[in-house]
1. For the stretch 36-94 and the stretch 162-189, write down the distance between their C-alpha centroids in whole Å.
2. Where does the stretch 1-83 land on the Kirkwood hydrodynamic radius, alpha-carbon pairs, in angstrom?
3. Please build a GNM for the chain, connecting alpha carbons under 10 Å apart, and tell me which residue among GLY61, GLY226, GLY236 fluctuates the most.
4. As an exercise, use a Förster radius of 22 Å and the Cβ-Cβ distance of LYS279 and ARG207 to find the FRET efficiency, rounded to the nearest 0.05.
5. HIS67: accessible area at probe 1.4 Å, nearest 10 Å²?
6. Can you tell me, using C-alpha contacts under 8 Å and at least 6 residues apart, the relative contact order of the stretch 174-290 as a whole percent?
7. Could you name the aspartates and glutamates in cross-link range of LYS212, using Cα to Cα under 18 Å and dropping any fewer than eight places away on the same chain?
8. Taking the Cα centre as origin and putting +1 on Lys and Arg beta-carbons and -1 on Asp and Glu beta-carbons, what dipole magnitude results for the chain, to the nearest 20 debye?
Amino acid sequence: MTIQQIKYFLELSSELHFWKTAEKVFISQSSLSRQIQSLENELGLKLFERDKRNVKLTDAGKFLQQHWTVTIKDLDQIHRQAKKIDEGVLGVVSISYPGSVTFNFLPNFLEIINTNLPDLKLELTEPNDDSHEKLLLDYQTDIAFSRDRIENENIDSLKLYSEPICIVVPENHWFDKASLNDLKVLQHEKFIISGLHKKTFFASLLRSLFVKYNFEPITSIESDFGGMILNLVSKGLGISILPYSFKFAKHKKVRFIELNEEIDLFISWRKNEQNKTIKKVVTFAKAIER
């Protein structure tokens with residue numbers, strides 16, 4: 001029994017006329033009769049009562065017509081979805097990202113994906129900086145946006161862009177661009193930053209920055225969540241250092257002062273990836289301008 005035989009049966013059960021059905025499915029009447037006979041023989045039951053003038057469904061035929069109609073519709077939908085997956089336009093893609101891209105790059109990226117791959121489902125995760133590599137290798141994420149290049153022989157990484165690092169202060173704070181020559185003037189300020197003891201890429205960057213300017217910051221609050229940090233800075237609880245991307249949060253009560261330091265954004269994916277959908281998503285990410 002083949003899917004095509006079932007489709008012939010469903011067409012005949014709708015038309016109840018061999019000649020009209022044969023024309024509709026583009027085969028000869030004798031071929032259609034052989035296909036139906038073969039189906040009945042395999043099932044061991046009669047599907048149609050027929051004579052020279054009339055064709056009508058048996059009770060067993062009516063039962064199969066009802067259930068096979070649903071089954072064939074489901075199969076057709078499954079086949080269409082499989083074709084879309086094969087073409088790289090459907091499926092599920094998991095993406096991990098740093099919180100700093102939430103306000104600009106990520107929304108732009110998702111808009112492009114939604115426009116070009118409307119049937120694709122995306123699963124988003126915001127892990128710690130050092131988790132992206134493990135998530136990729138464990139197949140818990142398919143694409144990782146991260147601030148550092150993942151150095152692993154089984155992973156491909158590509159730099160998308162660079163952006164400044166900024167001192168973030170309350171809107172009425174005394175620090176301004178004229179003070180950028182020596183950040184050591186901030187040594188008595190309270191900082192709201194990621195814990196410097198952590199092994200994340202951004203914590204490491206902050207440590208190197210403070211070493212460069214030869215002072216140890218007074219850390220009043222430790223947090224890895226940029227949105228929370230912006231709120232705390234706006235209330236005058238301290239100052240911070242964040243990537244420029246957070247400026248797109250458009251928080252009205254803080255100011256961003258760009259340093260002569262930059263941070264990168266990389267996209268990473270498993271090397272020799274066979275999933276065409278993932279390859280397409282990577283291509284769209286490459287096309288996004290800062």
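The values are calculated or read from the model by the stated rules, or taken from the named source; none is laboratory data. Note that the structure is a prediction, hence the values are computed from the model and not measured. Cβ placement follows ideal geometry from the backbone for every residue including glycine, while neighbour counts extend to all protein chains displayed. For accessibility, only protein heavy atoms count, side chains too; no ligands or nucleic acids. Shrake-Rupley method; radii C 1.70, N 1.55, O 1.52, S 1.80 Å.
1. 70 Å
2. Values: mean 1/r = 0.0759 Å⁻¹.
Result for the stretch 1-83 stands at 13.2 Å.
3. For the chain, modelled as a Gaussian network with Cα springs under 10 Å, the answer is GLY61.
4. Numbers: r = 37 Å, r/R0 = 1.67.
E(calc), rounded to 0.05, equals 0.05.
5. 90 Å²
6. On the way: 93 pairs, mean separation 28.4, N = 117.
The normalised contact order for the stretch 174-290 reaches 24 percent.
7. ASP182, GLU189, GLU258, GLU261, GLU262
8. Numbers: 39 positive and 39 negative charges, 176 e Å.
Using only the charged Cβ atoms, the result is roughly 840 debye.
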